[in-house]
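Presented below is the structure to which this report refers.
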Amino acid sequence: MKKDIENRDDLLLLMQEFYNKLLADDSINYLFTAVANINLDHHFPVLVDFWDSVLFQSGTYQKNAMQPHLALHQKSPLEKHHFNTWLGYFKTTVDELFDGQNAFVIKERATSIATVMQIKIKQLD
C-alpha cells in the first residue's frame with residue numbers, strides 16, 4: 001500500500017521521478033535542457049519549495065512562478081501539447097508513488113496551475 005505525500009522528502013522524490021520522465025521525452029525535454037538550461041541540482045530545491053508551499057502552505061517559495069515560464073515562452077513557445085505532456089507525467093508519477101488526500105490535492109493543484117499558465121500565455125500572444 002502506498003503512503004500519502006507527507007513532507008519535503010516525499011516532494012523531492014516526486015520531483016526527481018517526474019523529471020526523469022520529462023527529460024526522457026524528446027517532445028518536451030528540450031525546453032528544460034536546450035532552452036531553459038536548467039541545473040537540476042539548483043532546480044530541485046526550488047521545485048520542492050514551490051510544491052511545499054502549494055501543498056502544505058509552508059511559505060518556503062517566495063518567488064513568482066509565472067515569470068520564468070512567460071520568459072521561457074518568449075524563447076520557445078509553450079503549446080497545449082507541452083502542458084498536456086507535463087500534466088500527464090506529473091499525475092502518472094504521483095499515482096506511481098503515492099496515494100491519499102495530499103496526492104489527490106497536488107494533482108488538482110497541478111491541473112489548476114497548468115490551466116492558469118496556459119491562460120496567461122494566451123494573453124501574451
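Remarks
- From the options D25, D4, D99, D9, residue that is under 29 Å from D125 (Cα atoms), modelled with pLDDT of 95 or more and among the charged types (D, E, K, R): D25
- L55, sole failed condition from (1) surrounded by 13 or more Cβ atoms within 10 Å (Cβ to Cβ); (2) under 21 Å from N20 (Cα atoms): (2)
- Scanning the stretch 70-89 for residues being surrounded by 18 or more Cβ atoms within 10 Å (Cβ to Cβ) and touching a Lys or Arg at 6+ places or on another chain (Cβ under 8 Å) gives a total of 1.
Yes or no, residue by residue, for (1) in contact (Cβ under 8 Å) with a residue 24 or more places away in the chain; (2) charged (D, E, K, R):
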position: V46; (1), (2): no, no
position: L55; (1), (2): yes, no
position: S58; (1), (2): no, no
position: L78; (1), (2): yes, no
position: G88; (1), (2): no, no
position: E96; (1), (2): yes, yes
position: V105; (1), (2): yes, no
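- Residue check: K63 meets all listed conditions (1) farther than 14 Å from Y19 by Cα; (2) out of contact with any helix residue (DSSP H, G or I) (no Cβ under 6 Å at 6 or more places or on another chain); (3) crowded, with 16+ Cβ neighbours inside 10 Å but one, namely (3).
- Cross-chain or 6+ apart pairs with Cβ under 8 Å, the stretch 1-16 first and basic (K, R), then not in a helix (DSSP H, G or I): K2/F98; K2/D99; K2/G100; K3/F98; K3/D99; K3/G100
- Condition check for Y61: over 13 Å from the mean Cα position of the chain (by Cα) and on the phi < 0 side of the Ramachandran plot: yes
The values are calculated or read from the model by the stated rules, or taken from the named source; none is laboratory data. It should be emphasised that the depicted structure is a prediction, and the values quoted were computed from it without experimental measurement. Virtual Cβ from ideal backbone geometry, glycine too; neighbours counted across all protein chains shown.
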